[in-house]
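Below is one structure, written out as structure tokens; the observations come after it.
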Amino acid sequence: MSHWEIMNTKLDQIHLMRLFVAIVQSGTFAAAAAKLSITATKASKDIQFLETKLNTKLLNRSTRSFHLTDAGELFYQEAVQILQRYEHMLDGLASMKTRLGGELRLTAPALWGKQVLLPILLAFKREFPDVHFVCDFSNRVQNLMQDNFHIA
């Protein structure tokens, strides 16, 4: 069983990375726990779980402070990058839901396409720059399915 499968059986990976990063950045378990709306006891237990499942000590703890181990430093650096990419991915997904984008393939007779449709498409493109048009303005009869056109 991989580390991912083992850790996924009890706690969420993203939660554990967020918690670890919050602890390192805030300097205390209590502050990190408050930021994530959990108790300091749960934060401590979650980090113990993480260390057990990774079979690696990430933090050297004393009663009032902690210090990162070499493994903890590596985990922290990688977790920060993973969390940034994760947030970037979520932002991208949210953006896809709120903006119009993608490819639209259309065909039209040459004169009508150039005289009537083209100015409309250009205005539309200014308003929605993430829409990419593939146009065939010709008098040739098209097979919409075979030529993969969305609009004729």
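The values are calculated or read from the model by the stated rules, or taken from the named source; none is laboratory data. None of these values were measured; they are calculated from a predicted model. Surface areas here come from the heavy atoms of the whole protein model, side chains and all, with no ligands, DNA or RNA. Shrake-Rupley method; radii C 1.70, N 1.55, O 1.52, S 1.80 Å.
Quick rundown of the values:
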| read-out | value |
| --- | --- |
| HN-Hα J in Hz across segment 52-60 - Karplus 6.51, -1.76, 1.60, θ = phi - 60°, x for Gly and Pro | 5, 5, 7, 6, 8, 7, 9, 10, 9 |
| Relative compactness, the chain, computed as alpha-carbon Rg over 2.2 N^0.38 Å | 1.80 |
| Sequence-distant residues sharing a close amide H with Thr69 (under 5 Å, placed H) | Leu59, Asn60 |
| Heavy atoms of Val141: accessible area, 1.4 Å probe, square angstrom to 10 | 130 |
| Most to least accessible of Ser65, Ser138 (protein chains only, probe 1.4 Å) | Ser65, Ser138 |
| Residues of the chain: accessible area per residue with a 1.4 Å probe, Å² | 68 |
| Per-residue SASA entry for Ile14, accessible area with 1.4 Å probe, Å² rounded to 10 | 30 |
| Candidate residues Arg85, Arg18, Arg140, Arg64: accessible-area rank, largest first, probe 1.4 Å | Arg64, Arg85, Arg140, Arg18 |
| Amide H partners (placed H, <5 Å) of Cys135, local residues excluded | Leu106 |
| Area accessible to solvent at Thr69, 1.4 Å probe radius, in Å² | 20 |
| Shape category assigned to segment 96-144 from the gyration tensor of Cα positions, a/c cut at 1.5 | oblate |
| Mean Cα-pair separation over length for the chain, i.e. relative contact order, pairs under 8 Å, 6 or more apart, % | 18 |
| Whichever lysines have a C-alpha closer than 26 Å to that of Lys57, once near sequence neighbours (fewer than 8 apart) are set aside | Lys10, Lys35, Lys42, Lys45 |
| Accessible surface of the chain, 1.4 Å probe, proportion on carbon and sulfur as whole % | 57 |
| Residue with peak Gaussian network fluctuation, the chain [Cα springs, cutoff 10 Å], from Phe29, Phe124, Phe20 | Phe124 |
| Amide H within-cut-off set for Ile38, under 5 Å, with H built and near neighbours excluded | none |
